[in-house]
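Peer 1: My questions all concern the structure below.
The values are calculated or read from the model by the stated rules, or taken from the named source; none is laboratory data. These numbers come from a predicted model, not from an experiment. Here the Cβ positions follow ideal geometry from the backbone for every residue, glycine too, while neighbour counts run over all protein chains shown. These accessible areas exclude ligands, DNA and RNA; they are computed on the full protein's heavy atoms, side chains included. Shrake-Rupley method; radii C 1.70, N 1.55, O 1.52, S 1.80 Å.
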Amino acid sequence: MSKVLIVGAGGVGRVVAHKCAQMRDVFGEVWLASRTKSKCDRISAETGGVIKTAQVDADNSAELSSLIKKTGAQLVINVALPYQDLSIMDACLDAGVHYIDTANYEPPDVPHFEYSWQWAYDDKFKKAGLMAVLGSGFDPGVTNMYCAYAQKHLFDEINYVDILDCNAGDHGLPFATNFNPEINIREITAKGRYWQKGEWIETEPLQLRCDFNYPEVGVKPSYLLYHEELESLCKNLKGLERIRFWMTFGDKYLNCLRVLEAVGMTSIKPINIKGVQIEPLEFLKAVLPDPASLGPLTKGKTNIGCIFDGLKDGKRRKVYIYNVCVHEECYKEVKSQAISYTTGVPAASSARLIATGTWKGAGVFNMEQLDPDPFLETVSRFGLPFNVAELDPEDSYGLPK
Ligand code: NDP
């Protein structure tokens, strides 16, 4: 039986903890450690106390490494914040355990959304005979695996990919982000970017919009954003000519965001208030609702998936692979809304595949470099089934050509 250590007890950490607790056939012991231990204890109580808890500062890799050794865990699931990725990878190397995360490393000062720092760990993980699996949430994560599945089973060559992320959930609050506000706002206020024929094409923030009809949800305005999975997918898909990422935002949300931006509240440049250096975005995070508190309030569905356009047996083919998740059902099961749920289930599923030896290897992997079949089978079994729809190759479905 394996032992697993989850780091981070936020919205996603709660789901990962619940899911690992449901995988007791594989995980003999589940540990949850975070900066605030009381949050871990609360989650452990929800699972009937089967989870062991600890306090840790994951920015301190020596402290985390001794905790890993103390727990006897063979793998760490990092669902703290992207700022901790490198110190947690260092701790895993020091303690000799596998590593999984859901978001690329971010330096605290400048938003980058790039894998370079973590890819640079490839040799270290190879030498140690350990796996580091990057971006095992929904997007990145499941979307990468829809790509790997399409490449393995449905296409000889994939030429165009559009990743479509729709959250049609409503929490009834004037403004709240459904995962960590700092990361969410950094993502939306950055310039848009997509990859075409070997080049990155930049757009102004939220410049490109399309109206897409999401199955089980309806038509929603969707905006082109840069999203981290584009960086690895453009390298790993054969015959790719273009890959783009779209996310839905309601008008109310965007209006609030524009006001916050206009008054400087989304800046990450520290300002001096009464002798204290404060980052406006960090301050904003402190006054916004905690994403974990949105669970009981959020109603409605998410729909996240990918449209592939390519060749199969010499003919054009268009296929849409997607998942629909219901906020209220997620809350009923694990006391979290669907955004945390759709991130936590894939993270726990990857851990299961490493723990059972289904995935083997050494080095740093993006999800699409691993076998998608056992992964999609596992996420389906633990709450995220997927649909495969054949589309008309001649129809653009509202997406710009
Ligand atoms: P939260 O802010 O809700 O939770 C983060 C948790 O990490 C908190 O419990 C926090 O502790 C803890 N933490 C922060 N810093 C440290 C530290 N130095 N040491 C120990 N613990 C620390 O975030 P979410 O749960 O919403 O998101 C978790 C991760 O998942 C993020 O990296 C996010 O980017 C990613 N994500 C990925 C998605 C995907 O689809 N791939 C989608 C959504 C999120 P405290 O409680 O004390 O603040």
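Peer 1: Find the eigenvalues of the gyration tensor of the Cα atoms of the stretch 30-171, then list the square roots of 5 times those eigenvalues as equivalent ellipsoid semi-axes, largest first, in whole angstrom.
Peer 2: Gyration-tensor ellipsoid for the stretch 30-171: 29, 21, 16 Å.
Peer 1: Please compute the length gained on full extension between R381 and K152, using 0.36 nm multiplied by the number of residues separating them and subtracting their Cα-Cα distance.
Peer 2: Taking 0.36 nm per residue and subtracting the Cα distance, the gain is 80.4 nm.
Peer 1: Let me ask something else about it. What's the local net charge at D156, with K and R +1, D and E -1, over the other residues with C-beta under 12 Å away?
Peer 2: +4
Peer 1: Over the stretch 257-299, one equal point on each Cα, no solvent: what is log10 I(q)/I(0) by the Debye formula at q = 0.27, 0.33 Å⁻¹?
Peer 2: Rounded to two decimals, the profile gives -0.93, -1.08.
Peer 1: In a shell of Cβ-Cβ distance under 13 Å around L173, excluding L173 itself, what net charge do Lys and Arg (+1) and Asp and Glu (-1) give?
Peer 2: With Lys, Arg at +1 and Asp, Glu at -1, the neighbours total 0.
Peer 1: Only Cα pairs within less than 10 Å get springs; with that Gaussian network setup on the chain, which residue of E204, E187, E228 has the largest fluctuation?
Peer 2: Looking only at E204, E187, E228, the biggest GNM fluctuation is shown by E204.
Peer 1: Carbon-plus-sulfur fraction of the accessible area of the stretch 25-86, 1.4 Å probe, in percent?
Peer 2: 48
Peer 1: Continuing with the same structure: Do any of K37/K70; K39/K70; K39/K332; K3/K238; K70/K335; K238/K301 go past 26 Å between their Cα atoms, and which?
Peer 2: As for pairs spanning more than 26 Å Cα to Cα, those are K3/K238; K70/K335; K238/K301.
Peer 1: With respect to the cross-link table entries K19/K124; K19/K252; K235/K312, which display a Cα-Cα separation exceeding 32 Å?
Peer 2: Where the Cα-Cα span goes over 32 Å, the pairs concerned are K19/K252.
Peer 1: Can you tell me the order of 337-347, 87-97 when each peptide is scored by its average per-residue count of other Cβ atoms within 10 angstrom, highest first?
Peer 2: Packing proxy ranking, top to bottom: 337-347, 87-97.
Peer 1: If you average over every viewing direction, what projected area does the convex hull of the Cα atoms of the stretch 111-180 give, in nm²?
Peer 2: 8.0
Peer 1: For the stretch 112-233, what is Rg from Cα atoms divided by 2.2 N^0.38 Å, rounded to two decimals?
Peer 2: Compactness ratio reported: 1.23.
Peer 1: Let me ask something else. What is the packing order of peptides 299-310, 265-276, taking the mean over residues of other C-beta atoms within 10 Å and listing the highest first?
Peer 2: The packing order, highest mean first, is 299-310, 265-276.
Peer 1: Moving on. What Rg and what Dmax come out for the stretch 243-331 when only alpha-carbon atoms are used, in angstroms?
Peer 2: 20.1, 68
Peer 1: Could you tell me what % of all Cα pairs in the stretch 260-401 have separations over 24 Å?
Peer 2: Of the Cα pairs, 58 percent sit more than 24 Å apart.
Peer 1: Could you calculate, for the chain, the ratio of the Cα radius of gyration to the Kirkwood radius, expressed as Rg to Rh?
Peer 2: Looking at the chain, the ratio lands at 0.95.
Peer 1: F283 versus K332, label points 7 Å from Cα toward the beta carbon: distance in nm?
Peer 2: Output for this residue pair reads 4.3 nm.
Peer 1: While we're here: Let me check I've understood the local charge: for P205, count other residues with C-beta under 12 angstrom from its C-beta, Lys and Arg +1, Asp and Glu -1. What total comes out?
Peer 2: Neighbour charge sum, excluding P205 itself: +1.
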